[in-house]
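So the structure is just underneath, and the comments pick up after that.
Rule-based calculations on the coordinates, nothing more; no lab input. Quick caveat: nothing in here was measured; it's all calculated off a predicted structure. Cβ coordinates were reconstructed from backbone atoms using ideal geometry, including for glycine residues, and neighbour counts include every protein chain displayed.
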Amino acid sequence: MKKKKDLLKSFIVGVNYPNVSGFEVLELLDARSTIAEFESKLTEEEKAELEKADSLFLSNLDKFYKSVAQVADLHEMRKRVGIPPSHWWWYIEKLVKAKKATVGK
């Protein structure tokens with residue numbers, strides 16, 4: 001496994017490229033879950049960088065979802081691996097659906 005700092009940097013850089021393959025999106029989701037395990041130990045600066053990266057991820061949800069949907073069934077993956085709801089980034093399809101419902105109002 002990558003060092004914590006490298007993993008954080010990798011995630012922060014990765015969210016800047018929403019047109020990647022679905023497999024790369026899965027790697028981003030996995031990286032974000034690993035970061036969640038040590039998130040409470042991040043410095044204030046690192047937490048701010050992560051928050052900015054999460055916001056960028058959310059702003060490009062549609063593109064990330066389009067890529068990942070071509071290679072994986074997120075519902076099945078979450079069920080098989082036991083992804084908790086607190087790991088919201090694994091729920092891209094639900095977030096996209098909620099976003100469309102909100103925009104449609």
Might you let me know whether segment 38-55 holds any residue that is under 19 Å from LEU95 (Cα atoms), surrounded by fewer than 16 Cβ atoms within 10 Å (Cβ to Cβ) and either in contact with a strand residue (DSSP E or B) (Cβ under 9 Å, 6 or more places away or on another chain) or of a type outside the set (Gly, Ala, Ser) (or both)?
yes
How many residues, within segment 64-82, are of a type in the set (Lys, Arg) and within 16 Å of the chain's Cα centre (by Cα)?
2
Looking only at segment 53-90, count how many residues are closer than 19 Å to PHE23 by Cβ and hydroxyl-bearing (Ser, Thr, Tyr).
2
